[in-house]
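Here the structure is laid out as C-alpha coordinates; the discussion comes afterwards.
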Amino acid sequence: REQQLEKAVNALRNSKYTIAFTGAGISVESGIPPFRGENGIWAKYDSQVLDLDYFHENPKESWSVIREIFYDYFGVAQPNDAHKVLGRMEQQGLLKCVITQNIDNLHQAGGSSVVYEFHGNSQRMVCTQCGHYFPSQDVNFQKLPVTCPKCSGLVKPDFTFFGESIPTEAYAGSLEAARNSEVCLIIGSLGEVMPAAMVPWEAKRNGATIIEINPKPSNFTGPLTDIHLVGKASEVLLALEQRL
Ligand code: NAD
Ligand code: ZN
(Lines give C-alpha, C1' and ligand atoms only; values in the text may rest on other atoms or scores of the structure.)
(Ligands and ions follow the chains in the order given, each with its own letter.)
Protein backbone atom coordinates (compact mmCIF):
# COMPACT_ATOMS: atom_id res chain seq x y z
CA ARG A 1 0.00 0.00 0.00
CA GLU A 2 2.74 2.49 0.95
CA GLN A 3 4.60 1.52 -2.23
CA GLN A 4 1.50 2.12 -4.37
CA LEU A 5 1.00 5.51 -2.71
CA GLU A 6 4.59 6.49 -3.48
CA LYS A 7 4.15 5.48 -7.11
CA ALA A 8 1.01 7.56 -7.34
CA VAL A 9 2.68 10.57 -5.71
CA ASN A 10 5.55 10.38 -8.21
CA ALA A 11 3.18 10.22 -11.15
CA LEU A 12 1.19 13.19 -9.83
CA ARG A 13 4.33 15.26 -9.18
CA ASN A 14 5.62 14.64 -12.69
CA SER A 15 2.34 15.30 -14.43
CA LYS A 16 1.67 18.62 -16.13
CA TYR A 17 -1.98 17.76 -16.77
CA THR A 18 -3.92 15.73 -14.22
CA ILE A 19 -7.64 15.10 -14.41
CA ALA A 20 -10.04 13.35 -12.04
CA PHE A 21 -12.92 11.20 -13.24
CA THR A 22 -15.43 10.56 -10.46
CA GLY A 23 -18.49 8.38 -9.89
CA ALA A 24 -21.08 7.80 -7.19
CA GLY A 25 -18.40 6.28 -4.89
CA ILE A 26 -16.86 9.67 -4.07
CA SER A 27 -20.16 10.84 -2.55
CA VAL A 28 -20.87 7.69 -0.53
CA GLU A 29 -19.11 9.20 2.51
CA SER A 30 -21.41 12.23 2.17
CA GLY A 31 -24.33 9.86 2.74
CA ILE A 32 -25.45 9.47 -0.88
CA PRO A 33 -25.72 5.82 -1.87
CA PRO A 34 -24.81 4.60 -5.38
CA PHE A 35 -27.61 3.56 -7.74
CA ARG A 36 -26.61 -0.06 -8.07
CA GLY A 37 -25.77 -2.80 -5.59
CA GLU A 38 -27.53 -4.06 -2.50
CA ASN A 39 -27.69 -0.72 -0.67
CA GLY A 40 -28.21 1.12 -3.92
CA ILE A 41 -31.06 3.47 -4.71
CA TRP A 42 -32.50 1.13 -7.36
CA ALA A 43 -32.87 -1.58 -4.70
CA LYS A 44 -35.55 0.61 -3.14
CA TYR A 45 -36.99 2.64 -6.03
CA ASP A 46 -37.96 1.84 -9.60
CA SER A 47 -35.50 3.48 -12.00
CA GLN A 48 -38.29 4.11 -14.54
CA VAL A 49 -39.00 7.47 -12.86
CA LEU A 50 -35.85 8.70 -14.61
CA ASP A 51 -36.92 7.33 -17.96
CA LEU A 52 -37.66 10.29 -20.20
CA ASP A 53 -40.82 8.85 -21.81
CA TYR A 54 -42.19 7.62 -18.49
CA PHE A 55 -41.55 11.05 -16.96
CA HIS A 56 -43.53 12.81 -19.69
CA GLU A 57 -46.39 10.33 -19.41
CA ASN A 58 -46.47 10.28 -15.59
CA PRO A 59 -45.01 13.61 -14.46
CA LYS A 60 -46.70 13.68 -11.07
CA GLU A 61 -45.74 10.13 -10.06
CA SER A 62 -42.18 10.59 -11.34
CA TRP A 63 -41.80 13.90 -9.55
CA SER A 64 -42.91 12.53 -6.20
CA VAL A 65 -40.17 9.86 -6.30
CA ILE A 66 -37.61 12.32 -7.73
CA ARG A 67 -38.39 14.76 -4.91
CA GLU A 68 -37.91 12.07 -2.30
CA ILE A 69 -34.59 10.78 -3.69
CA PHE A 70 -32.88 13.88 -4.97
CA TYR A 71 -34.22 16.75 -2.87
CA ASP A 72 -35.46 15.42 0.51
CA TYR A 73 -32.66 12.91 0.75
CA PHE A 74 -29.63 14.16 -1.24
CA GLY A 75 -30.50 17.79 -0.63
CA VAL A 76 -28.81 17.92 2.77
CA ALA A 77 -25.54 16.24 1.71
CA GLN A 78 -22.27 18.08 2.31
CA PRO A 79 -18.93 17.61 0.52
CA ASN A 80 -16.56 15.17 2.22
CA ASP A 81 -12.75 15.23 2.46
CA ALA A 82 -12.40 13.60 -0.96
CA HIS A 83 -14.24 16.47 -2.67
CA LYS A 84 -12.25 18.98 -0.60
CA VAL A 85 -8.84 17.47 -1.42
CA LEU A 86 -9.69 17.73 -5.14
CA GLY A 87 -10.69 21.36 -4.61
CA ARG A 88 -7.36 22.12 -2.90
CA MET A 89 -5.39 20.26 -5.59
CA GLU A 90 -6.99 22.47 -8.24
CA GLN A 91 -6.03 25.61 -6.30
CA GLN A 92 -2.45 24.40 -6.01
CA GLY A 93 -2.24 23.74 -9.74
CA LEU A 94 -2.07 19.97 -9.26
CA LEU A 95 -5.40 19.25 -10.95
CA LYS A 96 -6.81 20.72 -14.20
CA CYS A 97 -10.40 19.59 -13.86
CA VAL A 98 -12.90 17.18 -12.44
CA ILE A 99 -15.05 15.15 -14.81
CA THR A 100 -17.95 13.80 -12.82
CA GLN A 101 -20.84 11.47 -13.49
CA ASN A 102 -22.43 12.73 -10.29
CA ILE A 103 -25.26 15.21 -10.23
CA ASP A 104 -25.03 16.23 -6.59
CA ASN A 105 -23.06 19.50 -6.98
CA LEU A 106 -20.64 18.37 -4.22
CA HIS A 107 -17.48 19.00 -6.24
CA GLN A 108 -18.37 22.68 -6.58
CA ALA A 109 -19.38 22.78 -2.91
CA GLY A 110 -16.01 21.19 -2.09
CA GLY A 111 -14.04 23.93 -3.85
CA SER A 112 -13.55 22.70 -7.42
CA SER A 113 -14.23 25.32 -10.07
CA VAL A 114 -13.53 23.46 -13.32
CA VAL A 115 -16.12 20.67 -13.28
CA TYR A 116 -17.44 18.89 -16.35
CA GLU A 117 -20.81 17.47 -15.39
CA PHE A 118 -21.25 14.53 -17.67
CA HIS A 119 -24.80 13.89 -16.43
CA GLY A 120 -25.85 17.42 -15.52
CA ASN A 121 -26.73 18.82 -12.09
CA SER A 122 -29.72 18.21 -9.84
CA GLN A 123 -29.51 21.73 -8.41
CA ARG A 124 -30.61 23.24 -11.72
CA MET A 125 -34.09 22.96 -13.27
CA VAL A 126 -35.06 23.24 -16.91
CA CYS A 127 -38.47 23.84 -18.47
CA THR A 128 -39.32 21.18 -21.05
CA GLN A 129 -41.49 23.74 -22.92
CA CYS A 130 -39.53 27.00 -23.10
CA GLY A 131 -36.03 25.96 -21.98
CA HIS A 132 -35.94 28.35 -19.01
CA TYR A 133 -33.31 27.40 -16.39
CA PHE A 134 -33.61 28.15 -12.69
CA PRO A 135 -32.15 26.90 -9.40
CA SER A 136 -33.82 24.13 -7.41
CA GLN A 137 -33.92 26.49 -4.41
CA ASP A 138 -36.68 28.42 -6.16
CA VAL A 139 -38.90 25.35 -6.50
CA ASN A 140 -42.00 24.82 -4.42
CA PHE A 141 -41.84 21.05 -3.94
CA GLN A 142 -45.27 21.01 -2.23
CA LYS A 143 -46.97 21.31 -5.59
CA LEU A 144 -46.14 18.53 -8.06
CA PRO A 145 -45.31 18.22 -10.86
CA VAL A 146 -42.99 21.21 -10.81
CA THR A 147 -44.03 23.77 -13.43
CA CYS A 148 -42.28 26.68 -15.11
CA PRO A 149 -42.55 30.16 -13.52
CA LYS A 150 -42.54 31.66 -17.05
CA CYS A 151 -44.79 29.44 -19.15
CA SER A 152 -46.27 26.84 -16.73
CA GLY A 153 -44.74 24.02 -18.79
CA LEU A 154 -43.49 20.81 -17.21
CA VAL A 155 -40.14 21.25 -15.45
CA LYS A 156 -37.47 18.58 -15.29
CA PRO A 157 -34.32 18.47 -13.15
CA ASP A 158 -31.39 19.33 -15.43
CA PHE A 159 -29.62 16.01 -15.11
CA THR A 160 -29.49 13.30 -17.72
CA PHE A 161 -32.43 10.89 -17.71
CA PHE A 162 -32.41 7.46 -19.31
CA GLY A 163 -33.00 7.95 -23.01
CA GLU A 164 -31.49 11.43 -23.01
CA SER A 165 -28.23 12.48 -24.62
CA ILE A 166 -25.16 13.77 -22.77
CA PRO A 167 -24.85 17.59 -22.49
CA THR A 168 -22.70 18.47 -25.50
CA GLU A 169 -20.29 20.92 -23.85
CA ALA A 170 -19.50 18.61 -20.95
CA TYR A 171 -19.05 15.74 -23.38
CA ALA A 172 -16.65 17.60 -25.66
CA GLY A 173 -14.78 19.23 -22.77
CA SER A 174 -14.30 15.92 -20.96
CA LEU A 175 -12.92 14.12 -23.97
CA GLU A 176 -10.58 16.96 -24.78
CA ALA A 177 -9.26 17.04 -21.20
CA ALA A 178 -8.83 13.26 -21.34
CA ARG A 179 -6.80 13.55 -24.53
CA ASN A 180 -4.54 16.16 -22.93
CA SER A 181 -4.06 14.34 -19.65
CA GLU A 182 -0.85 12.80 -18.36
CA VAL A 183 -2.46 11.37 -15.24
CA CYS A 184 -6.09 10.35 -14.85
CA LEU A 185 -7.42 9.66 -11.37
CA ILE A 186 -10.52 7.43 -11.38
CA ILE A 187 -12.38 7.76 -8.10
CA GLY A 188 -15.38 5.65 -7.06
CA SER A 189 -16.63 4.58 -10.44
CA LEU A 190 -17.59 1.10 -11.54
CA GLY A 191 -17.19 1.99 -15.20
CA GLU A 192 -20.49 0.53 -16.31
CA VAL A 193 -22.27 3.64 -17.50
CA MET A 194 -21.61 4.50 -21.14
CA PRO A 195 -20.52 6.76 -22.72
CA ALA A 196 -19.06 8.25 -19.50
CA ALA A 197 -16.81 5.23 -18.99
CA MET A 198 -15.04 6.11 -22.26
CA VAL A 199 -13.29 9.07 -20.63
CA PRO A 200 -10.53 7.15 -18.80
CA TRP A 201 -10.05 4.91 -21.83
CA GLU A 202 -9.51 7.99 -23.95
CA ALA A 203 -6.92 9.22 -21.43
CA LYS A 204 -5.09 5.88 -21.51
CA ARG A 205 -5.12 5.78 -25.30
CA ASN A 206 -3.25 9.07 -25.24
CA GLY A 207 -0.63 7.75 -22.86
CA ALA A 208 -1.93 8.85 -19.46
CA THR A 209 -1.07 6.97 -16.28
CA ILE A 210 -4.27 5.71 -14.65
CA ILE A 211 -4.55 5.87 -10.86
CA GLU A 212 -7.68 4.28 -9.45
CA ILE A 213 -9.13 4.88 -5.98
CA ASN A 214 -11.82 2.38 -5.01
CA PRO A 215 -12.24 -0.07 -2.12
CA LYS A 216 -13.25 -2.70 -4.69
CA PRO A 217 -12.17 -3.70 -8.19
CA SER A 218 -14.10 -2.09 -11.06
CA ASN A 219 -14.33 -2.63 -14.80
CA PHE A 220 -11.26 -0.41 -15.11
CA THR A 221 -9.09 -2.27 -12.60
CA GLY A 222 -7.73 -5.12 -14.69
CA PRO A 223 -7.46 -3.71 -18.20
CA LEU A 224 -6.83 -0.01 -17.55
CA THR A 225 -5.53 0.84 -14.10
CA ASP A 226 -1.79 1.29 -13.59
CA ILE A 227 -1.91 2.03 -9.87
CA HIS A 228 -4.84 0.84 -7.74
CA LEU A 229 -5.11 2.55 -4.36
CA VAL A 230 -7.49 0.31 -2.44
CA GLY A 231 -9.63 2.20 0.06
CA LYS A 232 -12.28 4.82 0.59
CA ALA A 233 -11.99 8.01 -1.44
CA SER A 234 -11.47 10.41 1.48
CA GLU A 235 -8.94 8.27 3.30
CA VAL A 236 -6.82 7.64 0.18
CA LEU A 237 -6.96 11.24 -1.08
CA LEU A 238 -5.94 12.61 2.32
CA ALA A 239 -3.01 10.18 2.38
CA LEU A 240 -1.99 11.28 -1.13
CA GLU A 241 -2.30 14.96 -0.30
CA GLN A 242 -0.08 14.56 2.76
CA ARG A 243 2.68 13.09 0.62
CA LEU A 244 2.41 15.51 -2.31
P1 NAD B 1 -20.82 3.94 -10.03
O2 NAD B 1 -20.23 3.52 -11.29
O3 NAD B 1 -20.82 5.37 -9.77
O4 NAD B 1 -20.05 3.07 -8.91
C5 NAD B 1 -19.97 3.17 -7.57
C6 NAD B 1 -18.52 2.77 -7.24
O7 NAD B 1 -18.12 3.41 -6.04
C8 NAD B 1 -18.28 1.26 -7.01
O9 NAD B 1 -17.19 0.85 -7.80
C10 NAD B 1 -17.91 1.18 -5.52
O11 NAD B 1 -16.96 0.15 -5.23
C12 NAD B 1 -17.32 2.54 -5.28
N13 NAD B 1 -17.32 3.00 -3.89
C14 NAD B 1 -18.21 2.74 -2.90
N15 NAD B 1 -17.87 3.41 -1.78
C16 NAD B 1 -16.75 4.12 -2.06
C17 NAD B 1 -15.93 5.02 -1.32
N18 NAD B 1 -16.21 5.34 -0.05
N19 NAD B 1 -14.85 5.56 -1.93
C20 NAD B 1 -14.56 5.26 -3.23
N21 NAD B 1 -15.31 4.42 -3.97
C22 NAD B 1 -16.39 3.86 -3.41
O23 NAD B 1 -22.23 3.36 -9.86
P24 NAD B 1 -23.71 3.78 -9.92
O25 NAD B 1 -24.17 4.30 -8.62
O26 NAD B 1 -24.41 2.64 -10.50
O27 NAD B 1 -23.76 5.00 -10.92
C28 NAD B 1 -24.56 5.09 -12.01
C29 NAD B 1 -24.60 6.52 -12.46
O30 NAD B 1 -25.42 7.30 -11.61
C31 NAD B 1 -23.28 7.21 -12.46
O32 NAD B 1 -23.31 8.14 -13.50
C33 NAD B 1 -23.27 7.90 -11.13
O34 NAD B 1 -22.37 8.93 -11.05
C35 NAD B 1 -24.72 8.36 -11.01
N36 NAD B 1 -25.06 8.54 -9.60
C37 NAD B 1 -24.74 9.74 -9.04
C38 NAD B 1 -24.94 9.95 -7.70
C39 NAD B 1 -24.54 11.26 -7.12
O40 NAD B 1 -24.72 12.29 -7.78
N41 NAD B 1 -23.95 11.28 -5.95
C42 NAD B 1 -25.47 8.93 -6.90
C43 NAD B 1 -25.81 7.71 -7.51
C44 NAD B 1 -25.57 7.53 -8.88
ZN1 ZN C 1 -41.23 27.43 -19.45
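Checked against the criterion of being closer than 21 Å to TYR73 by Cα and among the polar types (S, T, N, Q), region 157-168 contains one or more residues that satisfy it. Within region 157-173, the set of residues being part of a strand (DSSP E or B) and in contact with a helix residue (DSSP H, G or I) (Cβ under 6 Å, 6 or more places away or on another chain) comprises PHE162 only. Checking region 87-110 against the condition returns no match, with no residue being closer than 23 Å to TYR45 by Cα and within 16 Å of ligand 2 (Cβ to nearest atom). Out of the residues in region 219-233 that are buried (at least 21 other Cβ atoms within 10 Å of the Cβ) and within 16 Å of ALA24 (Cβ to Cβ), state the one that is farthest from ligand 2 (Cβ to nearest atom). For region 219-233, the residue satisfying everything is PHE220. Restricting attention to region 174-220, the residues that are part of a loop (DSSP other than H, G, I, E, B) and more than 20 Å from VAL114 (Cα to Cα) total 15. Taken over region 20-31, the criterion of being assigned to a loop (DSSP other than H, G, I, E, B) and crowded, with 19+ Cβ neighbours inside 10 Å is satisfied by GLY23 alone. Got at least one residue in region 18-34 being within 13 Å of ligand 1 (Cβ to nearest atom), of a type in the set (Phe, Trp, Tyr) and within 27 Å of TRP201 (Cα to Cα)? Scanning region 18-34, I find at least one residue that is within 13 Å of ligand 1 (Cβ to nearest atom), of a type in the set (Phe, Trp, Tyr) and within 27 Å of TRP201 (Cα to Cα), so the answer is yes. Considering region 113-131, the residues that are touching a Cys at 6+ places or on another chain (Cβ under 8 Å) and either over 17 Å from SER30 (Cβ atoms) or among the polar types (S, T, N, Q) (or both) include one that is surrounded by the most Cβ atoms within 10 Å (Cβ to Cβ), namely TYR116. Yes or no: GLU202 in contact with a strand residue (DSSP E or B) (Cβ under 6 Å, 6 or more places away or on another chain), crowded, with 17+ Cβ neighbours inside 10 Å and either closer than 29 Å to SER122 by Cα or at pLDDT 95 or above (or both)? It is false that GLU202 is in contact with a strand residue (DSSP E or B) (Cβ under 6 Å, 6 or more places away or on another chain), crowded, with 17+ Cβ neighbours inside 10 Å and either closer than 29 Å to SER122 by Cα or at pLDDT 95 or above (or both). Check region 76-93 and report whether any residue there is under 22 Å from LEU154 (Cβ atoms) and surrounded by 15 or more Cβ atoms within 10 Å (Cβ to Cβ). Within region 76-93 (the criterion being under 22 Å from LEU154 (Cβ atoms) and surrounded by 15 or more Cβ atoms within 10 Å (Cβ to Cβ)), the answer is no, since none of the residues qualifies.
Checked against the criteria, SER27 counts as at pLDDT 95 or above and either of a type in the set (Ser, Thr, Tyr) or within 16 Å of ligand 2 (Cβ to nearest atom) (or both). All told, ASN180 falls short of being among the polar types (S, T, N, Q), without any contact (Cβ under 8 Å) to a residue 60 or more places away in the chain and away from ligand 1 (no atom under 16 Å from the Cβ).
The values are calculated or read from the model by the stated rules, or taken from the named source; none is laboratory data. Treat the numbers as computed from the prediction; the structure is a model and nothing was measured. Using ideal geometry, Cβ is built from the backbone for each residue, glycine included, and neighbour counts are taken over all protein chains shown.
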